[in-house]
4 protein chains.
Amino acid sequence: MQAKARQVAVAVAGAGYWGTNLIRNFAACTKTRLVAVCDIDGARLSKACAAYPSVEPVQEFESLLRRSDVEAVAIATPVRTHAPLGLAALDAGKHVLLEKPLADSVGGAQALVNAARQNHLKLMVDHTFIFGAPVRRMKTLLDSGEIGELYFIDSVRINLGLFQHDVNVVWDLAPHDLSIIDHLLGRLPASVSACGACHTDRQHAIEDVAHLNLDFGDGLMASCHVNWLSPVKIRHFIVGGNKKSLVYNDLEPAEKLKVYDRGITISQDEDARRGVLVSYRTGDVWSPHLEQSEPLRSLVRHFAECIRDDRTPLTDGEAGLRVVRILDAAQRSIKAQGERMTL
Amino acid sequence: MQAKARQVAVAVAGAGYWGTNLIRNFAACTKTRLVAVCDIDGARLSKACAAYPSVEPVQEFESLLRRSDVEAVAIATPVRTHAPLGLAALDAGKHVLLEKPLADSVGGAQALVNAARQNHLKLMVDHTFIFGAPVRRMKTLLDSGEIGELYFIDSVRINLGLFQHDVNVVWDLAPHDLSIIDHLLGRLPASVSACGACHTDRQHAIEDVAHLNLDFGDGLMASCHVNWLSPVKIRHFIVGGNKKSLVYNDLEPAEKLKVYDRGITISQDEDARRGVLVSYRTGDVWSPHLEQSEPLRSLVRHFAECIRDDRTPLTDGEAGLRVVRILDAAQRSIKAQGERMTL
Amino acid sequence: MQAKARQVAVAVAGAGYWGTNLIRNFAACTKTRLVAVCDIDGARLSKACAAYPSVEPVQEFESLLRRSDVEAVAIATPVRTHAPLGLAALDAGKHVLLEKPLADSVGGAQALVNAARQNHLKLMVDHTFIFGAPVRRMKTLLDSGEIGELYFIDSVRINLGLFQHDVNVVWDLAPHDLSIIDHLLGRLPASVSACGACHTDRQHAIEDVAHLNLDFGDGLMASCHVNWLSPVKIRHFIVGGNKKSLVYNDLEPAEKLKVYDRGITISQDEDARRGVLVSYRTGDVWSPHLEQSEPLRSLVRHFAECIRDDRTPLTDGEAGLRVVRILDAAQRSIKAQGERMTL
Amino acid sequence: MQAKARQVAVAVAGAGYWGTNLIRNFAACTKTRLVAVCDIDGARLSKACAAYPSVEPVQEFESLLRRSDVEAVAIATPVRTHAPLGLAALDAGKHVLLEKPLADSVGGAQALVNAARQNHLKLMVDHTFIFGAPVRRMKTLLDSGEIGELYFIDSVRINLGLFQHDVNVVWDLAPHDLSIIDHLLGRLPASVSACGACHTDRQHAIEDVAHLNLDFGDGLMASCHVNWLSPVKIRHFIVGGNKKSLVYNDLEPAEKLKVYDRGITISQDEDARRGVLVSYRTGDVWSPHLEQSEPLRSLVRHFAECIRDDRTPLTDGEAGLRVVRILDAAQRSIKAQGERMTL
């Protein structure tokens, strides 16, 4: 009884591909109670709710907000609706979980952050990968100092895509990479440049291939290649450090994360003509065992715990805003022929 | 006797890692006769010549040029010496094969091209990959129209590097990628941008990580990631077309080249809200059998044939110059914070 | 209305791991109607039926048989119960789908085949892989003659296992390989030998590693390695022919089946010392596009169609019996120190 | 001077594929001096000696033996000649290194061992893999107890072969696997069974596919699959232990050896119905850094050191004899329809 009383009552808005995953996880989580699902498409709504007789299907978002028993709303709708729906929910006194990216503009994201702060409500962005075992382990390894000083991060996320009709490949795929980089480093880059190209939808100038480059101002450079036209699927994330390096291959079934005890040792040598000696170190490779739980399951639980315990979510509105700021800068850089944009 | 008479008499300058490969191939080629090898390091010179009793070891480059029986000189010396040594050889009436990149500046490369033209001598650059089976097959596939309109090229060439002490990672590794792209497309990009970072040798500002972006002005974008600090070695080259796509993985022992019958079909649909319909096509994958001959063997033979038959080499001075122009633009872009440089 | 009337009313017995998959597929198939699920474990039963309000959960198998509206029973219970439950269902006039292996003895399997024949009912065994795209494509390629004369088949199915407590690794894993081989060849081997070892459960002499060897009497040899103790998971199936060869790797996400245009050409040469000339042919590799549908979905539909259209299932009782005969011979061979058993 | 005096004077007999490798390594080793090479084929002999002006080429094996300055003979001739040539060399007072397998019969191998013992000479067999870093590391790991009790060894060595015209696939390929297994375990199996098939040369009954099974009598089973007809090349060696397991993939360029902290824990549980509880343990994977030296280089040096220091070679005649005994038993088993042969 006590346990039941402490469950967070949640409504999910948007019953598409990702909304369905949210519904399943909120229904299964012992810390949450799924009370309503909303979608404007009646057929999709019925299908999504079929297995959950106790969940109320509604077609109007406002009716979710009017329900006094709904404490929190999870929103998985098209990107352009994130800010207005999120603001409405926060104004109605609901905690909000927003699908990535947090909003389609810096202004929208900032408004969400402000509204949450003013209303003393939790705002969380669904940066799913942050809750997966590989990223959690990478974070631990970086924080422990085992990797040393960071030299570069390189992320490749390419495949023959599912086109999003309202955003380009940068706003669709790069939030994953940028949220991981943001989580690992905990700070904004100093500047961003990017280039992209449109092939399949030139009429609307929707980029389907793009390269982002983040400069952190101290020699650390991070790059992201996102691509909807690649014949092969690649999910490859390298963190190069001066002590060790990490390679995270999300498509590997068994050994997703590898720690390479390889690196470069630099010493000053007075006798050396060029004053610097570079030597290589090639050591063991180690692949830590990672638990195989679904990241979204942990995320949903974390959202409920943050509400109940009044804690700041790991991927709070600020994190979502930082990622949107980088996306926005990258988009402006693409339109400005790759001009470097200061953040 | 007749056959012997028609062999091209060659001297090799530079007996380091790559020079040794040239020596071996010129000695083995039936169309060439290796008469002399030059290196300023006496020990290295002796070692390189040990297996070739009939080859004269010399320590002074000029003495090669004075030998009237030497018709051609192959130069595999540090990059900064390419232009002066190549010009001296051309002025002495020798045909010249130069290790990549052709020169360390556009001016040097242009001077080499001019000198070869004025002296009616062959100038060839050692863009080795052009003579390998995978690139030859890609060229045939592209020229046949089977790939269709090109959308993007993406090349990744990263490893825990052998540092070159006189050039950065762009001038060391990117000539491979750029020479392949140049050969496949047969034209210069409209503009180039690049970013890079220095970690191991900040004192000399030698970049060890870099990303290049080539814009060909018609939607075709080519990118190269070159990196001396990667814990893993990757050689991955993707050509995305609207009919088919190619993936060339040079590290695959058996199936280096794959042709993907995958792509995107775009149709105009008046009824569609956004006016454009994008559909995916996923078909077979085909890996053509490739012969396993050493590319340098074919290159050396081609050099001899071009001299004897007065033909223009596949990788002539002009090709070498085009690659140097892109390298130079990329280098300038790096120093200018990624500013796009028009070619 | 007409369509509904023609749906086959099915009950599923056994709500464990595989039973759950059957339940999901029978519920989703438009040609079947799932009316009841049976399991002796009440908790497991409730959980399995939760999402299907119209399905009756029952704990006694006999009550399924008494329902006159049940036309067919799908049985996914422990192996030793296959024959008794299947016979009871056939005697009650129900069509039967049995999880692999068909039975735990030749006698049991033969009795099932006899009972189905006498009662004019369909008996089908759940050899799932036969309904997957890779095996269907291999069958087409073999039947077309493209592979030529078969030389060998080699199957490796190893992993850190899920132990079955009532069968050994041979009866647990080898039915997959043997059913594929049986389907591709359509005939019994002439003889079988096998060896195995027990490590984890020596007390009950449950083999956890085994090698089977099937001799088809005309030079064609098939081998299966099954193993519950392997640190790595491997699913590798090679068919070697004199024209082409096939490699089916079930763990490859994208290119599960490859056709190798490689082989050996044998010619008689009177001058050759040994009277025979062997030469190699190395050609292209081709990976046909395979649809990604769930094999069990096709199987369930096929079962319904065979009942409605009075057709013989692709994996009928005879196929199940042939596989049990090989398993039985292999088991006897293991106990007889690898003695070859004629079939 | 002193150093020179202590070099072992070696002659190599047989200048084919492997002989050429021996010549190169004996010429390069600082502990040996290559004085003569013998081959009955004059052209092959000239080619092999071209780079070594100080080496005497001879066409008659006996003339090697008559040279008083030759202390040791390395023999890389067809298998059937190993025993007669090796015995002749030992009788002439020369130390002998024999290409694998030591001989083509147990009798021949035993005679070689006896002759070496009687003449107080070193007899070594060229089991090359024993001197490679992966096998050396596996041996260290096994001897340390880290792997625990061994459960199984499984070796797969298949490719589209180079046919040997005087031996079948068992005598050609299995010596590699058997010598590794023998080295790791240090004892003979209790019994051997095998099956094989002939396709390409049925006239001479030369097996081109074979499976060997070695029973070590205490639950440890080792299997070898050797095959000249496989469209794909595989070199996969698994050692399964109760604490950890090893996977050695010789075709991996970078991580040839992996140590899996995975296994099975067995406990006796009085309450458990079956009296035994099996649980899985899935832990980290670790790939130790291995030096990349050529195994044959170490082998050649070890041969010289054993002669100079009067030590027993790691791969002495006894090791060669053990491997031949297993090969002989496997061959007899194949001819006897897989009957198990006691050793």
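The values are calculated or read from the model by the stated rules, or taken from the named source; none is laboratory data. The structure displayed is predicted, hence computed values, not measured ones. Note that we place each Cβ from the backbone using ideal geometry, even for glycine, and neighbour counts take in every protein chain shown. Only protein heavy atoms, including side chains, enter the accessible area calculation; ligands, DNA and RNA are left aside. Shrake-Rupley method; radii C 1.70, N 1.55, O 1.52, S 1.80 Å.
Scanning the range C:260-290 for residues that are open to solvent by 60 Å² or more (accessible area, probe 1.4 Å), part of a loop (DSSP other than H, G, I, E, B) and at pLDDT 90 or above gives a single hit, C:His289.
Can C:Ala15 be described as hydrophobic (A, V, I, L, M, F, W, C), over 19 Å from the mean Cα position of the chain (by Cα), part of a loop (DSSP other than H, G, I, E, B) and at pLDDT 95 or above? Spelling it out, C:Ala15 is indeed hydrophobic (A, V, I, L, M, F, W, C), over 19 Å from the mean Cα position of the chain (by Cα), part of a loop (DSSP other than H, G, I, E, B) and at pLDDT 95 or above.
In this structure, is B:Arg80 in a strand (DSSP E or B), more than 11 Å from B:Ala13 (Cα to Cα) and not aliphatic (A, V, I, L, M)? Judged against the criteria, B:Arg80 is not a match. Of all the criteria given as (1) farther than 24 Å from B:Gln337 by Cβ; (2) more than 14 Å from every other protein chain (Cβ to nearest Cβ); (3) open to solvent by 30 Å² or more (accessible area, probe 1.4 Å), the one not satisfied by B:Glu149 is (2). Test A:Ala48 against the criterion of being under 13 Å from A:Ala15 (Cβ atoms), small (Gly, Ala, Ser), within 26 Å of the chain's Cα centre (by Cα) and not in a loop (DSSP other than H, G, I, E, B), and give yes or no. Yes, satisfied.
I'm trying to understand the selection: among the residues of the range D:232-246, which are open to solvent by less than 10 Å² (accessible area, probe 1.4 Å) and either among the aliphatic types (A, V, I, L, M) or more than 24 Å from D:Val285 (Cβ to Cβ) (or both)?
Within the range D:232-246, D:Ile238, D:Val239, D:Leu246 meet the criteria.
Taking the criterion of being small (Gly, Ala, Ser), under 18 Å from C:Ala222 (Cβ atoms) and over 13 Å from the mean Cα position of the chain (by Cα), the residues of the range C:308-343 that qualify are C:Ala329, C:Ala330, C:Ser333, C:Gly338.
Restricting the search to the range A:201-219, which residues are surrounded by fewer than 21 Cβ atoms within 10 Å (Cβ to Cβ) and more than 7 Å from every other protein chain (Cβ to nearest Cβ)? Correct list: A:Arg202, A:Ala205, A:Phe216, A:Gly217, A:Asp218. When B:Gly16 is tested against (1) away from chain D (no Cβ under 14 Å); (2) touching a strand residue (DSSP E or B) at 6+ places or on another chain (Cβ under 9 Å); (3) open to solvent by 10 Å² or more (accessible area, probe 1.4 Å), just one condition goes unmet, and that condition is (2).
Taking the range A:83-115 as the range and being within 11 Å of A:Ala13 (Cα to Cα) and open to solvent by less than 10 Å² (accessible area, probe 1.4 Å) as the test, the residues that pass are A:Gly86, A:Ala89, A:Val96, A:Leu97, A:Leu98.
This table checks each residue for (1) open to solvent by less than 70 Å² (accessible area, probe 1.4 Å); (2) modelled with pLDDT under 95; (3) polar (S, T, N, Q).
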{"residue": "C:Ala3", "(1), (2), (3)": "no, yes, no"}
{"residue": "C:Ala11", "(1), (2), (3)": "yes, no, no"}
{"residue": "C:Asn21", "(1), (2), (3)": "yes, no, yes"}
{"residue": "C:Asn25", "(1), (2), (3)": "yes, no, yes"}
{"residue": "C:Cys29", "(1), (2), (3)": "yes, no, no"}
{"residue": "C:Arg33", "(1), (2), (3)": "no, no, no"}
{"residue": "C:Ala36", "(1), (2), (3)": "yes, no, no"}
{"residue": "C:Ala48", "(1), (2), (3)": "yes, yes, no"}
{"residue": "C:Ser54", "(1), (2), (3)": "no, yes, yes"}
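Taken together, B:Val192, B:Val167 contain a single residue that is within 22 Å of B:Ser105 (Cβ to Cβ) and either in contact with a Leu (Cβ under 7 Å, 6 or more places away or on another chain) or facing chain A (nearest Cβ under 9 Å) (or both), which is B:Val192. For the range C:203-254, the tally of residues that are acidic (Asp, Glu) and within 30 Å of A:Lys233 (Cα to Cα) stands at 2.
Can you work out which of the residues in the range C:291-313 that are among the acidic types (Asp, Glu) and in a helix (DSSP H, G or I) is most open to solvent (accessible area, probe 1.4 Å)? So the residue we want is C:Asp309. Assess whether C:Arg80 counts as being more than 25 Å from C:Leu173 (Cβ to Cβ) and either more than 14 Å from chain A (Cβ to nearest Cβ) or free of Cβ contacts under 8 Å to residues at least 60 places away in the same chain (or both). Judged against the criteria, C:Arg80 is not a match. With respect to B:Ile153, determine if the residue is under 27 Å from A:Tyr151 (Cβ atoms) and among the β-branched types (Val, Ile, Thr). Yes.
The single condition among (1) at pLDDT below 95; (2) open to solvent by 10 Å² or more (accessible area, probe 1.4 Å); (3) under 25 Å from D:Ala336 (Cβ atoms) that C:Gln164 does not satisfy is (3). Hey, any hits in the range D:324-337 for a residue that's assigned to a loop (DSSP other than H, G, I, E, B) and within 14 Å of chain C (Cβ to nearest Cβ)? Taking every residue of the range D:324-337 in turn, at least one turns out to be assigned to a loop (DSSP other than H, G, I, E, B) and within 14 Å of chain C (Cβ to nearest Cβ).
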